[in-house]
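K.L.:
Below is a structure I'd like to ask you about.
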Amino acid sequence: MSARSPRNVIPLRMDTRAMSCLGCEARAACLPAGMDDETCARIDSLVLQRYRLLRGEGLYQMNEAVRGRVYAVRSGHFKCYRLTPDGDQRITGLPGRGTLLGLDVLGCERHASAASATADSVLCELSHPRLLEAARRFPALERRLEQMLSQELARQHGLAVMLSYPRAEQKIACYLLQLAWSSRHLEAGRVCVDLPLTRQDIGDYLGLTDATITRQLLRLQREGVLRVERRHIVLTDQPGLQRMADGESGAPEAAHTAQR
């Protein structure tokens, strides 16, 4: 499927106040905690445009000009990925609501990876130079941007550690727990997650085959650790899943079975 540059995406045409930062559900995740409405309105004035991207549509491509832009994810999910010389996809990040896309290329001329929506999404386009200028005027915003950069570095470190695990079940357990922490909701008192990726994309992210992903999810369901309903997963035994993530249970799989 072809990616579309944000310059070609039709901007949202909705009530201005309804779409402003003041009424945004992602405000608490995106902006500093406790920011007053007046300051929030000033930050909102920095938004150049808002876009709606449908699932599968691209935001930018590898080697596309950066143009000094960053994108705040208002709703939905994205995947950032690179293509190998053989054309294989390698997912490097899974930004969700309240995160900033484009922090990894600040100071660069071209994007080192591509980004596309994995669910219908809304994002806000901002000028990076104007955002930095605003951060100098509002110390709380400057601290929030520093936190986001630190979180991005921690995420990259966490991904490297997760990919180093020898067992497929450990990788999948870590991935599901990360989803639970970032998009937690309850169903009959149990934590539930909705997978933002296909089985193949999850495999690309974890360095496993899609067949291994399917097999492991079915195995975890048989063992009563979770319940799978297509992309909807109920964590029926979260402590057990945590033990798997810690490498305390489960029989090791042969390397050729777990890894690509």
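The values are calculated or read from the model by the stated rules, or taken from the named source; none is laboratory data. Source: prediction; values computed, not measured. Cβ: placed from backbone, ideal geometry, glycine included. Neighbour counts: every protein chain shown.
Rundown of residues vs (1) over 24 Å from Ile91 (Cα atoms); (2) at pLDDT below 90; (3) in contact with a strand residue (DSSP E or B) (Cβ under 6 Å, 6 or more places away or on another chain); (4) assigned to a helix (DSSP H, G or I), yes/no style:
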site: Leu186; (1), (2), (3), (4): yes, yes, no, no
site: Pro196; (1), (2), (3), (4): no, yes, yes, no
site: Leu217; (1), (2), (3), (4): no, no, yes, yes
site: Val225; (1), (2), (3), (4): yes, no, no, no
site: Thr236; (1), (2), (3), (4): yes, no, yes, no
site: Gly240; (1), (2), (3), (4): yes, no, no, yes
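K.L.:
Out of curiosity, is Arg69 basic (Lys, Arg) and within 23 Å of Arg144 (Cβ to Cβ)?
P.N.:
Criteria met by Arg69.
K.L.:
Quick check on the range 150-172. Is at least one of its residues of a type outside the set (A, V, I, L, M, F, W, C), touching a Phe, Trp or Tyr at 6+ places or on another chain (Cβ under 7 Å), in a strand (DSSP E or B) and touching a residue at least 24 places away in the same chain (Cβ under 8 Å)?
P.N.:
Looking through the range 150-172, none of the residues is of a type outside the set (A, V, I, L, M, F, W, C), touching a Phe, Trp or Tyr at 6+ places or on another chain (Cβ under 7 Å), in a strand (DSSP E or B) and touching a residue at least 24 places away in the same chain (Cβ under 8 Å).
K.L.:
Is there any pair with a first residue in the range 19-44 that is on the phi > 0 side of the Ramachandran plot and a second that is outside any loop (DSSP other than H, G, I, E, B) whose Cβ atoms are under 9 Å apart and which are 6 or more apart or on different chains, and what are they?
P.N.:
Qualifying pairs under 9 Å: Gly34/Ala140.
K.L.:
Take the residues in the range 211-224 that are in contact with a helix residue (DSSP H, G or I) (Cβ under 6 Å, 6 or more places away or on another chain) and in contact (Cβ under 8 Å) with a residue 40 or more places away in the chain; name whichever of them is surrounded by the most Cβ atoms within 10 Å (Cβ to Cβ).
P.N.:
In this case the residue turns out to be Ile213.
K.L.:
Is one or more of the residues making up the range 103-115 in a strand (DSSP E or B), at negative phi and small (Gly, Ala, Ser)?
P.N.:
yes
K.L.:
Another question, then. Are any of the residues in the range 88-99 under 27 Å from Arg27 (Cβ atoms), hydrophobic (A, V, I, L, M, F, W, C) and in contact (Cβ under 8 Å) with a residue 60 or more places away in the chain?
P.N.:
yes
K.L.:
Sticking with this one: Looking at Asp88, Asp37, can you tell me which residue is among the charged types (D, E, K, R), over 27 Å from Gln156 (Cβ atoms) and in the same structural domain as Arg130 (by TED's automatic domain parsing)?
P.N.:
Asp37
K.L.:
Just give me the residues in the range 66-92 being touching a Lys or Arg at 6+ places or on another chain (Cβ under 8 Å), among the aliphatic types (A, V, I, L, M) and surrounded by 20 or more Cβ atoms within 10 Å (Cβ to Cβ), in sequence order.
P.N.:
Of everything in the range 66-92, those that are touching a Lys or Arg at 6+ places or on another chain (Cβ under 8 Å), among the aliphatic types (A, V, I, L, M) and surrounded by 20 or more Cβ atoms within 10 Å (Cβ to Cβ) turn out to be Val73, Ile91.
K.L.:
Is it fair to say Ala65 is among the small types (Gly, Ala, Ser), within 19 Å of Gly102 (Cβ to Cβ) and either in contact with a Leu (Cβ under 7 Å, 6 or more places away or on another chain) or at pLDDT below 85 (or both)?
P.N.:
no
K.L.:
While we're on this one: Checking Pro239 against (1) assigned by TED's automatic domain parsing to the domain that holds Gly96; (2) more than 25 Å from Cys80 (Cα to Cα); (3) of a type outside the set (S, T, N, Q), which single condition isn't satisfied?
P.N.:
The single condition Pro239 does not satisfy is (1).
K.L.:
Which members of the range 62-86 meet the condition of being farther than 18 Å from Ala117 by Cα and part of a strand (DSSP E or B)?
P.N.:
Selection gives Ala65 alone.
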